[in-house]
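Q: Structure incoming, see below.
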Amino acid sequence: MSIWKILLGLPLLLPLVVCRDSRSQGSLTLLAEADRLAMLYNWPEAARLYAKAESLFAQSADRKNALAARLGYVWATADAGVSPAITREVAAHLQDPVVQADPRLMLRGLVAKAVLDQNTNEMAARKPWKEILELATRLGDKRWEGRAKAEIGQILYMDGDIMSAAAMLREAIMSQYLRVDFGAATHYTAMVGNGFVEAGQPEAGLQYCNVALKATYLVPDIGFPFLAYQGKARALLALHRNAESESVLKEALVRAREEHNFVALTQLLIVAGTGAASSNPSKAIGNLKEANDISQKKGFQHVFAWSAIQMAEIQRDTGDLDGAELLASRAIEVMRDLEDKYHLPQHLALLAGLEARKSNFERADQLYSEATDVIDALLVNVTRKQLKSSLIATLSDAYVGHFELAATRFFNPGKAYEVIEEARGRTLADTLRGDSETLSSSDEISVEAQNEINRIQIALIHEANREERQSLLDQLFEAEQLLSPVPKNGSVLNATADRLKPVSLRTLQASLHADEMLLEYVLGESRSYCLRITRTEAGVLVIPSGRKRIEGLVDDYLVAVRSRRPEVAVGNELFSLLLRPAVDQESKTRLIIVPDGKLHLLPFDGLNDQRGKYVLESHVVTYAPSATVLHLLRQSRSAARAPMSFLGVGDVIYPRPAVVTSKVSAGTARNDNVTADFFDLDAVRFPDLPGSRQEVTAVAGIINGSKRLLLERNATEAAFKALPLADFRVIHLAVHGLGNAQFPDRAALVLGNSSASGEDGLLQVREITDLPLKADLVTLSACDTGNGRLLGEEGIASLERAFLLAGAKSVIASLWTADDTYTIALMKRLYQHLVDGYDKGSALRQAKLDLLQEFGEQALPLYWAGFTLVGDGSTAIFD
């Protein structure tokens, strides 16, 4: 049964779980009612009834039940503060023979101890929660069994064992919903939401918190969902929806003060302080200082560390380096005592940056090294590609800061290279070395979830009603959360001895050709850098502009290109900043770009040099997710040539929504300039692409050897997947593309669907990465296939990257919406040059030059610059 089905059935289930006796029937009834309210996290009402029940039991000399009520009261008031006296009291109760003789009473005592330990130090709560799990299992108490598993999962998460944590939380939350333990279900759903926000996936975090909030609206007597409010506010801040976040926080802060829930209050104050940091530093410091003071007074060590590090960041930004260093050092001491491996790298990176500013470079280097070592240990325990990429994105500051230190203070290009390559293209590099995942052989729940996703997305294709689409999108999100990829081992490089380390600089240089120069960019706050590497030299060039300035220029360039306006001035400025210092020093004709940030969206060959010429006219430009990935792709070349020359897909027959109730979004045809969002409330129409048939058949006519075409009714997702894809040297898809920056795994190539196959026609990222490809080249002649979610120093999550993850050696994709006429002309020339023996990078460059020569000034960069080649472009496909 799905979570949403349970939520929809709440009105029927509630009479079974909330009916209660009159409170006037006696002390046992009071105790039972207090327990019910406590299980719903309604702490104020539960505490009041526990206190009353304890008094009544004491009056009747019922010591056993008086102890039960007392332990319940401790549990219900733990969020008000932790004192040594109450901790000693609970420890004494656990040694009481009356408690030890009664398993149910012992369970109460362990719960009281666990929540006290948890509010002080989550890691210290590991032992009592394990004891609760063992005892609940013996007693057959499934509700406490599920709660204990969820708490242990949270502890494993902070301990760095993210894989085990995710599995345990997933199992626990499903159990809680199925067993109608709605207090726990909503609480831990919100906990997962907060985790997604911390891991750099605020859209998913917001969805989880909204699910939790929806449940609380339907359950009578449930306590105020502070954790859901906190997660929602954090997610909204990450999505730059600050006004909404402030409104959410305001309501929750009022309730926290009213209820004297100091755990919730301190955490909400930290979120509020973080949100105000850039606009109102004094207000931010006020909120954080209050959180800091309360957490110290009440014994909340973990919250203190969180508030201290946030306040240290603001002090750093306002110039109080000594104050920031003092707070950061104290926070790190607490984090070490707490053994929180998940949050420690951010603390270490902040202190390292402060030490560097104070010219303590050796100390800064030690701290950065420790931070990246801890990050590496975390990543080893992450199996899901998307989560690994998001974690690297959230922890990118550690890599950038360490790179700047190595490059500008130690003047060591080799060390700078090693630091940044630890993060760059990490997920893809690990996959090439054998650390990959699959859904095809996953558990039964994942298989059912995939079938449900297909059903929902088929319905979305045909549905135009906004309310119905919202319901379908909610169902889609829930089904996606049930997917659980499992590891697979399919790479000959799996035996690499030091598989987590980047390829050495010397090894990389040996794999570069004499005419190649690799340019790896790192965008900093005030300055940026270009790591320039050839076969014989390596150095770091300093770019006198920070990330904000450079990315602003990229935005201006893209707006000009897409609007068909002259882009010469901004293109020349970008050339002067990014390329001129490097290309003026070397006569290399082949540039391999490893971008950073929005440079992933910039076609370097479309920039203008100092003479007004396109870079295209003097250089072959290709791209790589990292230097390590480039080397691994070159190392993985197979001596055996694929038996089939070409697979082409085009002229797809697209379905239509029954009724389009809103304006059809642009971008659904390849000659539009705005990308439609299929996963939105407005229906999207996929027009037919008649030019795609001409494109695919023309290309097939150029290439010799055995070929396969999927056209019209044969151009379906099911037919594509059924082919022996590993047998094709070149795969060309002329179809619609769907990007999705919010949920990268939803990005898709739109093929045909067939009711008999059960496939929805959306060949999505999670499915693409499961394909058994060995192609030398995959060409995505579709809109926005090179676009995607930017993931900090990890790179970009795009359809292009998905095909590299699946095994392709190189991918040609488009950074924006394509134009049929020019695309067909470009593709015909590209493949003719490939057949003539050009290497892939040179063939693409020459095809673009052909367009410039044939169409002259009409051949604006809009029509050709968006097509880029990522991967190894140095080899020829055909003799």
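The values are calculated or read from the model by the stated rules, or taken from the named source; none is laboratory data. Just so it is clear, the structure is predicted and the values come from calculations on it, not from any experiment. Reconstructed Cβ throughout: ideal geometry from the backbone, glycine too, with neighbour counts over all protein chains shown. Protein only, heavy atoms only, side chains kept; ligands, DNA and RNA dropped before computing areas. Shrake-Rupley method; radii C 1.70, N 1.55, O 1.52, S 1.80 Å.
Q: Farthest toward the dipole's positive end in the chain, which of 380, 87, 401, given Cβ charges of +1 (Lys, Arg) and -1 (Asp, Glu) about the Cα centre?
A: Projecting each Cα onto the dipole axis, the largest value belongs to 87.
Q: Can you give me the relative contact order of the chain as a percent, contacts being Cα pairs under 8 Å and 6 or more apart?
A: 8
Q: Next question, about the same structure. In whole percent, how big is the carbon plus sulfur part of the accessible area of the chain, probe 1.4 Å, protein atoms only?
A: Reported share for carbon and sulfur atoms: 51 percent.
Q: Give, rounded to the nearest 20 debye, the magnitude of the charge dipole that segment 319-395 has about its Cα centre when Lys and Arg contribute +1 at Cβ and Asp and Glu contribute -1 at Cβ.
A: Here the size comes out at about 440 debye.
Q: Still on this structure: Report, to the nearest 10°, how far helix 63-77 tilts away from the longest principal axis of the Cα atoms in the chain, using its own Cα long axis and a range of 0 to 90°.
A: Roughly 40 degrees between the two axes.
Q: Counting only helical runs of four or more DSSP H residues, what would the 222 nm mean residue ellipticity of the chain come to if each run contributes -39,500 (n - 2.57) and the total is spread over all its residues?
A: Calculated mean residue ellipticity at 222 nm is -18000 deg cm²/dmol.
Q: I've got another one for you. Would you please give the residues with an amide H less than 5 Å from that of residue 796, counting only those at least 5 places away or on a separate chain, with H modeled from the backbone geometry?
A: Those qualifying (amide H under 5 Å, at least 5 residues apart or on another chain) are 791.
Q: Report, in debye and to the nearest 20, how large the dipole of segment 696-800 comes out about its Cα centre when Lys and Arg carry +1 and Asp and Glu carry -1 on their Cβ.
A: Charge dipole of segment 696-800: 340 debye, to the nearest 20.
Q: Let me ask something else about it. Given 0.36 nm per residue, what is the gain on full extension from residue 438 to residue 257 after removing their alpha carbon distance, in nm?
A: Working it through step by step, the gained length comes to 60.4 nm.
Q: Keeping all protein chains in position, work out how much accessible area residue 879 exposes to a 1.4 Å probe, and write it in Å² to the nearest 10.
A: The value for residue 879 is about 150 Å².
Q: Take the Cα atoms of segment 523-635, find their three principal axes, and give me the spread along each one in whole Å, biggest first.
A: The Cα atoms of segment 523-635 stretch 42, 32, 26 Å along their principal axes.
Q: Here is a follow-up. Per residue of segment 853-861, in order, report the coupling 6.51 cos²θ - 1.76 cosθ + 1.60 (Karplus, θ = phi - 60°) as ³J(HN,Hα) in whole Hz, putting x for Gly and Pro.
A: 5, 6, 9, x, 5, 5, 7, 5, x
Q: Let me ask something else about it. Cα-Cα over 31 Å: which of 142/232; 289/358; 385/828; 127/283?
A: From the list (142/232; 289/358; 385/828; 127/283), the Cα-Cα distance tops 31 Å for 385/828; 127/283.
Q: On average, how much accessible surface per residue is there in the chain, in Å², for a 1.4 Å probe, leaving out ligands, DNA and RNA?
A: 38
Q: Compare the Cα positions of 206, 867, 392 along the charge dipole of the chain (+1 at Cβ of Lys, Arg; -1 at Cβ of Asp, Glu; about the Cα centre) and return the one farthest towards the positive end.
A: About the Cα centre, the residue reaching furthest to the positive side is 206.
Q: Shifting gears a bit: Using Stokes-Einstein with the Kirkwood hydrodynamic radius over Cα pairs, what translational diffusion coefficient do you get for segment 235-291 at 4 °C and a viscosity of 1.567 mPa s, in µm²/s rounded to a whole number?
A: Reported coefficient: 115 µm²/s.
Q: Shifting gears a bit: For the chain, count the residues as N, evaluate 2.2 N^0.38 Å, and divide the Cα radius of gyration by that value, please.
A: Output field value: 1.02.
Q: Treating the beta-carbon of each Lys and Arg as +1 and of each Asp and Glu as -1, no other charges, what is the dipole magnitude of the chain about its Cα centre, to the nearest 20 debye?
A: For the chain, the charge dipole is close to 440 debye.
Q: Oh, and also: Using the per-residue mean of other Cβ atoms lying within 10 Å as a proxy for protection, in what order, highest first, do the peptides 82-90, 453-461, 781-789 fall?
A: The peptides rank, most packed first, as 781-789, 453-461, 82-90.
Q: For segment 163-300, what is the largest minus smallest coordinate of the Cα atoms on each principal axis, given in angstrom and ordered from greatest to least?
A: Sorted largest first, the three principal extents are 46, 30, 29 Å.
Q: Based on the mean of other Cβ atoms within 10 Å per residue, sort peptides 532-539, 157-164 so the most packed one is first.
A: Highest to lowest by the protection proxy: 157-164, 532-539.
Q: Order these peptides, 58-67, 792-801, by their mean beta-carbon neighbour count within 10 angstrom, highest first.
A: Result, highest mean first: 792-801, 58-67.
Q: Further, regarding this structure: How much of the DSSP bridge set in the chain is antiparallel, in percent, rounded to the nearest 5?
A: Of all bridge pairs located within the chain, approximately 55 percent are antiparallel.
Q: Shifting gears a bit: Hey, what angle do you get for helix 142-158 against the long axis of the chain, alpha-carbon based, 0 to 90 degrees rounded to 10?
A: With both axes taken from Cα atoms, the answer is about 50 degrees.
Q: At q = 0.23 Å⁻¹, what is the base-10 log of I(q)/I(0) for segment 347-451 according to the Debye formula with one equal point scatterer per Cα and no solvent? Please give it to two decimals.
A: Listed by q, the Debye log ratios stand at -1.19.
Q: Taking the Cα centre of the chain as the origin and placing charges on Cβ (Lys, Arg +1; Asp, Glu -1), which of 268, 136, 740 is farthest toward the positive end of the dipole?
A: Highest projection toward the positive end goes to 136.
Q: Then there is this: Cut-off under 19 Å on the C-alpha distance; same-chain residues fewer than 8 positions from residue 250 excluded. Which aspartates and glutamates are left, in chain and number order?
A: Filter leaves 258, 259, 290.
Q: Mind jotting down a quarter of the surface of the convex hull over the alpha carbons of segment 703-820, in square nanometres, one decimal?
A: Computing the convex hull of the Cα atoms and averaging its projections yields 7.7 nm².
Q: Taking 21 Å as the cut-off for C-alpha to C-alpha distance, list the pairs among 721/774; 707/809; 809/840; 774/848; 64/297; 707/848 that go past it.
A: 774/848; 64/297; 707/848
Q: Here's another thing I want to ask about it. Report, to one decimal in Å, the Kirkwood hydrodynamic radius for segment 95-177 based on all distinct Cα pairs.
A: By the Kirkwood definition, the hydrodynamic radius is 12.9 Å.
Q: Among the aspartates and glutamates, which fall within straight-line cross-link reach of residue 548, defined as a Cα-Cα distance under 14 Å, with same-chain neighbours fewer than 8 residues apart omitted?
A: Correct list for residue 548: 525, 556, 596.
Q: Follow-up question, since we're still on this one. With N set to the number of residues, divide the alpha-carbon radius of gyration of segment 263-321 by 2.2 N^0.38 Å and report two decimals.
A: 1.01
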